[in-house]
1. May I ask you to list the residues in the stretch 146-161 that are β-branched (Val, Ile, Thr), modelled with pLDDT of 85 or more and closer than 13 Å to His109 by Cα?
2. Would you mind stating whether Ser711 is among the small types (Gly, Ala, Ser) and at pLDDT 85 or above?
3. For Glu549, work out the one condition from (1) in contact with a helix residue (DSSP H, G or I) (Cβ under 8 Å, 6 or more places away or on another chain); (2) at pLDDT 70 or above; (3) part of a loop (DSSP other than H, G, I, E, B) it doesn't fulfil.
4. Given Ser399, Ser453, Ser438, which one is modelled with pLDDT under 90 and among the polar types (S, T, N, Q)?
5. Identify, from the list Val757, Val799, the residue that is in contact with a Ser or Thr (Cβ under 9 Å, 6 or more places away or on another chain) and within 26 Å of Gly651 (Cβ to Cβ).
6. Determine, yes or no, whether Pro408 is surrounded by fewer than 16 Cβ atoms within 10 Å (Cβ to Cβ) and assigned by TED's automatic domain parsing to the domain that holds Ala65.
7. Go through the stretch 432-449 and report how many residues are more than 10 Å from Thr516 (Cβ to Cβ), free of Cβ contacts under 8 Å to residues at least 12 places away in the same chain and not aliphatic (A, V, I, L, M).
Amino acid sequence: MKEHRLQKLLLIIVMSSFLLLQVPPPGASQGYEGKVISESDDEMIGLSEYSGGGHMTVTITGEQATALRRRIIYMFDERSSIPQGFTGTNFPSWSSTPNGVLDEQEILHYSLWVQRYLWERQGQGGTPYYFSRMTKVELLDGDTAAGVPLSTEGLLGTDVDTDASIVIKHIFNLESGVQHRTFDLSDNLTVSALYEGFSFHRSHDFNDTFFGPFSVAGEPTTTNWIIKDNPYYPGNLALWHGSSETPQYEDNITASTYADFDLRFAVEAAMRFSYVGHVESGDTLRIQIKEEGESSYTNLQTLGSNDNRNTFQTLVFDLDSYIGKKVRVNFNFTSNQSGNNTGFFIDDFDINAPCAYIGTLELHNTDYIVGALSFAGFEKDQGTAHLIRTPAGMILTYSSSFNSTNPPADRAVFTTFDFLDNPQILFGLIFVCAYLMSHFQNKYYNDYRRAYSMAHREGWFKRKWIHGLGLLGIILFILFYFFPSLFVLAGANFYMLGVFMWAFCIVYLVVMVIVTKFVYIKAEEAIPPPIPREDEISVVVEAPEEYMELPPPVGMAMAVPCSVCLEDLHDIADEGIKCKCGQVFHKDCAEKAERCPNCNRLLEVVKPKETRMVSVKCPSCGDTVLVEGDSDLLRTHCESCGSILQEVALGYNYLIVDDNPAVAFEEFKSILKKEVPSLCISTTFPDKLRKEYDVEGIDLFWLSDTATDPSVKTLDPKRLDFEMMRAISNFFKDSPKGVVIIDGIEYLTVENGFERVLRFVKKINDLASVSDATVIVPVGPSALGKDEFAMLKKEFDKVQVLTSTPLPE
């Protein structure tokens, strides 16, 4: 039977695993010619910090492969170093053969370029990648040209017209770095690294006269352009057309300077610069552009006297129509003979031509992590994330297909240790719950079976349906533990994470235990009475409804034999009990037998209640006092000093709900015996208060609006924020770590309203917390309403409800 159940359970787990692994990645090609497929897997191990490595394979197909191959040829076959403006200008130069065909050295240097982008993008600490940092990247077979054929496909020996797919493989190292991180499941770093290095960006503020894209006078690419101090912004250099010996440009001149830019790698391009200055009518500055090989320029914009400015004006030019080409940008200034002026000063030149992958992108990633980590907080948009949980660690898989310009907002949270989500703790949870479920179901079943007499033993039967539900629960425990993303198979965005596992396992266990017990109790009540033996006389004895001790005998009673030990039982009232069926037992024999041998009913022996004495040390005088174990120490006093035996912790604020303030004053007195500075504010007249509660030598204020005796200190109950607050704050200032009792919250509420009193109490408690003082506030159970009591309780560290009167509902 057990082997058959185990086979069923194993079959369910295997089938669930098969279904989980067969889920196809969502999405499909979105109509683009070609796409990029990124597949990666990594393995990490650790406790508080995780480290490991993995493999990545990026496949580019169709026209997307052709476009990337052209970029690689333009950069690494036509050149032997990275030009200024591209990522990695400090990248080592290489030996290239500019023949339009990629060789091993050129492919190797492109791979090294990608690697450096991946793990040096944010310094030597590594580049963030999912929930970890990528700290080292290498070709699959090392950083040598011999490894290129093993690490790449579709590159070696190809040219710009080759249409084969490209495959690039790398291995990498990872470190977790942080203990908690929310990360994007759709992170496409491995794809971005192939393209973003081709991004071009040049800027020049002309304060550096040597490294700008535009040349100045004396160089072959310029005529009559120099870098000069800008008179409109003294101290700032700018590009200007004219002679350094004159403050204004000359009449009848033509000045030009140009710079070449390679936009063959870009997906978009824009140019901007700022100008300031004045020219005379008929004098113009033309911003021109032409493609490589063309003889004439195209005017982007012409600036004349109508464009004169005293402050910088920024011009922006969209160069998207020149993407995929080499261009030359030219500044041409022409003046006539009608006069001259300061001219135009050009500054803050900037051209930006980013490169990125645009098209369909498929991601397939698998993380194998050994340790106490957990994943939670899954947010699903387009992709599909599956989670496999084991006692050794976690396996996370993610698949998605999307347009690279609109990545899905799929996210998850990585934590190195979370008690509720920890896989080892959750495994212990399902083990304990499964064991307890099986234990209690078998216990209640065995109790029910033993309740049958031998004559009716063939009548009992197991309630298989309730045990089947228990087995189903155990199977669900196992399935939800190992496959928390089981519901994702049905399209639901729900993961059986830690908090749900705790709730499900505990609730299911409790419900099944209660239902099983109820089912077998009902079944036990239906057990038929025992059948008497043929050779015995049946005597019907009218028994009481419950087991009870017999009344004391009148006179000398006849001895009755015990049904267990068969010895005479003389005093049934004191020494024995009687079963419903009439059998009589010694109490000791009944305890040992547990059940009546005649009817198999449980025998209950009523034991006399024992009084347990415990010793308690008085918190005031230190004497040891013997009290009953269930004594209320708040109402029990020391025989030596008279203080209550319940110690009152100092530095807290107490709300004591009772019918009268006696216990509150007893706590106040117990603190006084520790020689703590004290202040009492009460609606009771001071002399009466001293007599009633025996409080002497304390600062005592009478809470009253009647001032008859000048020797009595009074506080007006309506002046909460002035008189009362001043008295209490002065006390806290002069006597830090003191104790204050405020008796009369009901009176203050009547005079001021609850909201003012609540604010007053909050201020008092805040002052007490700063001064490490103790505050005691007694209040009657009927003084406030339900909501008012709830708000008042929140303002106190400790709330003692001592009254038997129910609080307002």
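1. Result: Thr152, single match.
2. no
3. (2)
4. Of the residues listed, the single one that is modelled with pLDDT under 90 and among the polar types (S, T, N, Q) is Ser453.
5. Val757
6. Considered against the rule, which asks whether it is surrounded by fewer than 16 Cβ atoms within 10 Å (Cβ to Cβ) and assigned by TED's automatic domain parsing to the domain that holds Ala65, Pro408 comes out as no.
7. Looking only at that region, the number is 4.
Okay, residues lined up against (1) at pLDDT 85 or above; (2) in a helix (DSSP H, G or I); (3) closer than 30 Å to Lys380 by Cβ; (4) out of contact with any Gly (no Cβ under 6 Å at 6 or more places or on another chain):
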residue	(1), (2), (3), (4)
Leu10	no, yes, no, yes
Met44	yes, no, yes, no
Thr59	yes, no, yes, yes
Ser111	yes, yes, no, yes
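The values are calculated or read from the model by the stated rules, or taken from the named source; none is laboratory data. This one's a predicted model, so the numbers in the text were calculated from it and none came from an experiment. Quick reminder, even Gly has a Cβ in these numbers, built from the backbone with ideal geometry, and neighbours come from all protein chains shown.
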